[in-house]
Amino acid sequence: MSQSKPEKAFAPKRQRMLDMVLALGGLKEESAIPLSKVKEELDRLKTELAPLTDSILAFPDSYFEKFLEAVEKSNITTEISDKGILKESIANLEEALSKSESESLKGLNKLLVDTLSSMTEVEETSETSVDIDMTTTLSTISDLTSEIESITDEFENTAETEAESARDELVALVKTLNESKKKAETDAETALDELQKLGTKTRYGPGLRATAQVKRGKREGRIDDTRFHKLVIENMLTEANRGVIMFVLGKMGSKTVVQIGELMQASSQTVQNALVTMIQRGEVEMVGLDGDAPVFSKVLPKTPNPTLVLKIIVQQVRGIVKSLEDDAAKTANESLDKLQALLERLKILGAYDETELSEPMNKLRETVDSATEAALTSQTSDDTENLKLLISAGLEAFARFRLKITLEKGPNLVSGTNVYGEKLDPEFYQTMMDTYLENELERGTILILIRELGALTTHDLAERTSIPQDRILRHLLRMKRDELLTLTGESHGYMLYDVPRTPSEAEITIQTASDLALQLSEAKVELQRILRELKAPDIGNLANSLEVFSKARDKLATVYVSGAVIDETTVNEVEESIQSAVLLTYRTRAKIPSTRPKVTLEDLADVDVPSVLDEYRSQMGYAPLLGFGTIEWEQSKCLGCKSCEIECPENAIELKPRIEMPKFFEISDEALSQLPSSRSLFYKTIQNLAKGKPSKDISLEKEAPGFGSVEVDLWLCVACRTCVRRCPGPESGALELELKWNLPEVVKQITSTS
Amino acid sequence: MDDNKSAVLICTCGKQLQLGFDFLETQVKKMDLATSVDVHDLVCQEEGLPKIAELLKASSGHLVIAACSSQKIQPRIDQYLDSKGLDSSQIQYVNIREHSAWVHKDLDEANQKSVDMIRGTLARSAKSTKRNIEQKEISTHVTVIGGGIAGVESALSLSNLGYEVSLLEITDELGGHVRSLPVVAPTGKSGKEILSSRLDMLQNDNNIIIMTKTRVKYVTGEMGNFTVHYTSEDEEERTLNTSAIVLATGFKEFKPTSMDEYRYGKNPDVITQFELSCMLSEGKLTRPSDDKPIKEVVMIQCVGSRSEDYKKDCSKLCCTFAIDNSLEIIERIPDANVRIVYMDIRVPFENEMIYKESREKGVDYIRGRVSMTWEQDGTTYVRVYDSLLDKYLETPVDLLVLSAAILPPDGITELSETLGYAIEDDGHVKELYGKLRRNETRRRGVVAAGGVTRPQFVFEAVTDAQAGALIIHNELQGGKIESVSRGAVLNADDCVGCSLCAQQCPRGVPLMIEQIEDEEADEEQKILFKATIDTLNCHSCGVCQSLCPSGATQLNFLSNDQLWSEIEATLEDAGPEYPITLCFYCEECSVSTIDIVGTRKMEYPANTRLIPVPCAGRVSIIDLLKAFEHGASTVMIAACEKDRCHIGGTGNEIAQVQVDVARDILNAIGWKGERVDMFRMFSAEPERFTNAVNEMVKRAKELGPTPVHEGTAGKWMEVTE
């Protein structure tokens, strides 16, 4: 069976398996290299590395010494307000210290520990009354709002400039696109090539994949010319349009359909058509309105924290406004309007430099928090006992607001009726309120704890409160859905939840530095160990440790304290040494065999297919790859029964409605006698009737039970042999699997030799 | 007495047929397979029947009767022989009246055609086998799914017929929609009254187990041995073994929340017709929004029905229900104004009486549509377009009632996956055959009754349920099935396990069984299967036989050998001088079409030869090719219309595949593909057959001698391309 040259791109899972096989295949060849040669290579590497290692190993100490100095001098630790970050950094540093001694890290750690304890003290004393001058607070809010406004203006200017610079590129893209469009009418194949090139420029994944599929389909003859032409001028052009739209939205900011159309020199209809699918694919979303026209933006992987924080602030201010009267209410309302407008603008901006906004935004948040609290205390005269209980529980401020509204409105439902004249049963209302109060109380407590202590897990929260862990999880999920919480990572298998925070530059600096300090000390220890006696099995680890150095250096070169990179000379000097060391190691690794497979396939060695096929499939989502090979199909033994297609676990085999007529005349008499009686009579009758031997295959219009040709997609075939075993054809059946690579065998061999 | 040879009895139809009977007699006498030839004037009358019995005994079952259509005489002959204790199953019939004497003017040609067909039938008869009576015992338990009026009635009827019944209802109460109907036309009784006596009978019936709050998940097995998987209130899955299933899950009323013009779901004073029925049954007739009295009522017909967007056709019941309910309103609130906005009023049968009554009592009918509904100062208003006056009317209403469409119930698509019945485009369960087998579904042993097949009035559902119960009784025969085994018989030794029969059987009869023991012994680790076929469940279409690569499954009354030798014998004299068109016709639509052609004496060319098959699906590509091999110039299949296959819907499509592939192959091997074709027909249009035959005879003439006639067939090795 002929197989055209395979396409490079295929399904990720298949790619994973293929990687595995390639790694194993490589190993098999490598094992032929003589040991003496290996030793020679290793010795050479050792000599070459020797002059480089000293400076590399000395680099971390040198850097962190300077870093500590800079931190002490600039006093940036005072700018840290997030205790979570502080704690995480301390933990990192402590672990780093446990790996190897370092004076500078010790000093840095002490500094952070001091900062943390002073913060805790400050908080303990600052629990004072919530008496606040509302007028001053409101004016602070309005000042901060203006500040944020001007920063946002800047953001928008920057975005505008970036958009300007992207314009030239866009003009070129649109030109290519229009040319391909014209060409598609006459020469679809060339046009497709051009569209593919365009795709690599716009980097629009779905478009690229679709183009590749069409190309492959065409090459393998699955798509005929008419259909190919239609696909290119319809689907592929639309995909190309989508790529350009993605380019516009990514580089030039959010746009309306009309704006995109103008930029692309395309009709709004075309843009609209392309956009609908992009929205469905989750690539584009509507973020606001410009007049009546919806504004679209690229979907961001994560909303920037200041946007989230501002969303909460707007909700809180809305609450405050309700509790104020006269002038105060007016001022507050003005601020509210501005903040709402700001929120819209930030949403339209999408991504921006978070750090610039962090300071005013945090201040604004604090002010609004205290204002909320003030607004509440001033109003609380003799509301229900429950409300007081909640306040004493230290409920998170805005949650209290929702509660207050419910408490005020609820009793009306019992005494009066709703629009449909329904009354609320007082007893039912009581239960409802109890549950509601309990929930709000618990959620408030959780929020307070997280805000104070940094990111926490359900487990931590359950320990600190008396709430059962499952209830906590439910609250957390609910609050995450309301965007009150975000996921920040995991600890001991539990997810860490945190309130949205905007880390300041100082916080980021400390976080990055401590994180890298840990990585570097680990890598340093490992590197020293390996270099003491360089052995072949360690070659991979050597490369990994050097890679850690390389990446950490790159990152440290971007960490600024008081506007300057620390220890800049060393950072720059060591770059070359690290690079050379990495390169040398890789070169040697390529020459000697590794002794450990990257993927262990022991499990696979014992797989007996198909007895475990179903189980494996349900667990993994695909059938186990048992090797690579070809499936040979013999027309004369095939009954056209489709059993192979029905049984194939990977849909790799198919009965195509095509009859290979010439082969009907090449079946030997012996083969005919082996066939089931009616089948052989069928062939004999045809031979008896034929005037001439046909030279061409017959293409059937639709599927016909009992007739057809079997085709195998070798890129889907996992060599499980199920089709071969199921085939009811005479003798051993019409199918034969020729294994070129039997994975279980390969694995057995490797595991026994190593 | 030679076992292969048959007696031949030729009937002159009271000396009325224009055929040369002397010629027939001499010709048939010369045939090797004929033991005796008798010409009789009235085979189907009292004089003729004893002659048949006599010949049958003498020829040990092998008898060929050349007379009129077997559709007419066979039942009479069977009945007579049965009363004499004789086996009539081996008798083969040749229709020399409708197929020959009545449709051909030229006596010689008609004679020759009759002789050829008798020769062919003799060959078929030679290899016929004796009838075989099979018995099996199955449980007499039937499961009824759905506890509405149809389900209740089915359960009661089945219990009366002696079956144990489990009645499964998804809600907590029996009665379905009928429970809430204030009045059921034309009885004037309420739904509860109609139900009450039936529910009493149910309660007192020890053969019926009622299971409420029960949901059927899926069903496995086949007739006589189904397993119903269901869950009860506690969500735990249980099973129930049963022999047959009545599907009576009723219908659901369309909730028009998506039709903005009516504000249903937003305004509490806008309700559906069934919701009004519930209100009337409960006795509380006030405005739902504020409990104030009702005076102005507007009903809107065809909400969702006869609309391309929701339900394409008429829902049939809504007009009657709306009139029922409006009369009920007027009776309770005499000064109420009821207006019905309609497109067409459709009240079938005796329901016309209540329409008349409603007009007399002052119900106002407005032909038109409602364009909008709105609320103003606590009052609901509607704007109606009156198409007869061409005017818009605006009026305040206390109650706006929407006659919403009747839709198929939830869950029947899911159940069809395991129960294997077919579903119509509109989502209702498809009847096996609209004209003749309404209660049966495609799956044997599964009967659909009541609203699940189409909107039905209460008493239609009741009759439907009774009919369904009888169908099941017919199938299960009280648990002791004894019948002539007429259908596909599988020779397991020949079965290669390809599963083509199981994949394509229109009724899902063959089951594939994995051969575990053989697999263990197999050196090549083959996965081995063999089919099994319960002949008593088979509908004898022959699709499995047509597709079987090994001849393992064959109809026991028409084996491959029988058909092949019949083809050969019929075409014995076929040659290029007198080109023959061979026609395989199905014994469902086509046989009656051809009989009508005969009785109307519609003439067509006599160089045609006809061979009956139970269903077009029985004709395999080999049969078609054999016909050419033995000298036919053109070959055709006459079959039922598309989607109108009497045997589960796909027999004719399988035949179409054989014809299509045969044509492609003929073209490829140097023949003309047009020599084979397929035609669909039904008896109301006999021209379809004559047109088809004329076309194929014309082609035979135009295309000239076939390679078989020219002697070039099979000489492909000598031809170099």
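Numbers for the structure displayed
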quantity: Single unsatisfied condition, residue B:358 versus (1) small (Gly, Ala, Ser); (2) crowded, with 19+ Cβ neighbours inside 10 Å; (3) not in a helix (DSSP H, G or I); calculated: (3)
quantity: Output for segment B:226-265, where each listed residue is among the β-branched types (Val, Ile, Thr) and part of a strand (DSSP E or B); calculated: B:227, B:228, B:231, B:239, B:242, B:245, B:246
quantity: Unique match (being at pLDDT 95 or above, out of contact with any Lys or Arg (no Cβ under 7 Å at 6 or more places or on another chain) and within 14 Å of chain A (Cβ to nearest Cβ)) among B:621, B:567, B:611; calculated: B:621
quantity: Test: residue in segment A:702-714 that is closer than 21 Å to residue B:709 by Cα and within 7 Å of chain B (Cβ to nearest Cβ); calculated: no
quantity: Number of positions in segment B:103-117 that are farther than 19 Å from residue B:69 by Cα and either touching a helix residue (DSSP H, G or I) at 6+ places or on another chain (Cβ under 7 Å) or in a helix (DSSP H, G or I) (or both); calculated: 3
quantity: Any chance residue B:559 is facing chain A (nearest Cβ under 10 Å) and of a type in the set (Ser, Thr, Tyr); calculated: no
quantity: Residue in segment B:671-721 that is surrounded by the fewest Cβ atoms within 10 Å (Cβ to Cβ), counting only those that are of a type in the set (Gly, Ala, Ser) and within 14 Å of chain A (Cβ to nearest Cβ); calculated: B:711
quantity: Matching option when the condition is in contact with a Phe, Trp or Tyr (Cβ under 7 Å, 6 or more places away or on another chain) and of a type outside the set (D, E, K, R), among B:73, B:65; calculated: B:65
quantity: Residue in segment B:266-288 that is within 14 Å of chain A (Cβ to nearest Cβ), touching a residue at least 40 places away in the same chain (Cβ under 8 Å) and part of a strand (DSSP E or B) present; calculated: yes
quantity: Qualifying residues in segment B:118-159 (those that are in contact with a strand residue (DSSP E or B) (Cβ under 8 Å, 6 or more places away or on another chain), among the hydroxyl-bearing types (Ser, Thr, Tyr) and under 30 Å from residue B:216 (Cα atoms)) - the one surrounded by the most Cβ atoms within 10 Å (Cβ to Cβ); calculated: B:154
quantity: Residues of segment A:459-502 classified as over 24 Å from the mean Cα position of the chain (by Cα) and either assigned to a helix (DSSP H, G or I) or among the acidic types (Asp, Glu) (or both), total; calculated: 12
quantity: Set B:375, B:350: member being surrounded by fewer than 18 Cβ atoms within 10 Å (Cβ to Cβ) and over 19 Å from residue B:397 (Cβ atoms); calculated: B:350
quantity: Any hit, segment B:207-214, residues being of a type in the set (D, E, K, R) and touching a Gly at 6+ places or on another chain (Cβ under 9 Å); calculated: no
quantity: Test: residue A:678 is at the interface with chain B (Cβ under 7 Å from one of its Cβ atoms), part of a helix (DSSP H, G or I) and at pLDDT 90 or above; calculated: yes
quantity: Residues of segment A:638-671 that turn out to be surrounded by fewer than 17 Cβ atoms within 10 Å (Cβ to Cβ), away from chain B (no Cβ under 11 Å) and more than 40 Å from the chain's Cα centre (by Cα), as a count; calculated: 6
quantity: First in segment A:725-741 and surrounded by fewer than 16 Cβ atoms within 10 Å (Cβ to Cβ), second anywhere and assigned to a loop (DSSP other than H, G, I, E, B), Cβ under 7 Å, 6 or more apart; calculated: A:732/B:524; A:739/A:719
quantity: Residue ID - farthest from residue A:344 (Cα to Cα), chosen from residues in segment A:251-301 that are free of Cβ contacts under 8 Å to residues at least 24 places away in the same chain and assigned to a strand (DSSP E or B); calculated: A:285
quantity: Lone qualifier among B:546, B:540 - being more than 14 Å from chain A (Cβ to nearest Cβ), under 28 Å from residue B:441 (Cα atoms) and not in a strand (DSSP E or B); calculated: B:540
quantity: Residue check for residue B:528: surrounded by 21 or more Cβ atoms within 10 Å (Cβ to Cβ), over 30 Å from residue B:87 (Cα atoms) and either within 11 Å of another protein chain (Cβ to nearest Cβ) or not polar (S, T, N, Q) (or both); calculated: no
quantity: Residue match in segment B:309-327 (condition: touching a Gly at 6+ places or on another chain (Cβ under 7 Å) and on the phi < 0 side of the Ramachandran plot); calculated: yes
quantity: Segment B:73-107: number of residues that are in contact (Cβ under 8 Å) with a residue 24 or more places away in the chain and under 18 Å from residue B:598 (Cα atoms); calculated: 16
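Per-residue answers, yes or no, for (1) surrounded by fewer than 24 Cβ atoms within 10 Å (Cβ to Cβ); (2) among the polar types (S, T, N, Q); (3) on the phi < 0 side of the Ramachandran plot; (4) touching a strand residue (DSSP E or B) at 6+ places or on another chain (Cβ under 9 Å):
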position	(1), (2), (3), (4)
B:494	yes, no, yes, yes
B:498	no, no, yes, yes
B:517	yes, no, yes, no
B:542	no, no, no, yes
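The values are calculated or read from the model by the stated rules, or taken from the named source; none is laboratory data. Computed from a predicted structure; not experimentally measured. All Cβ positions, even for glycine, are placed from backbone atoms using ideal geometry, and neighbour counts span all protein chains on display.
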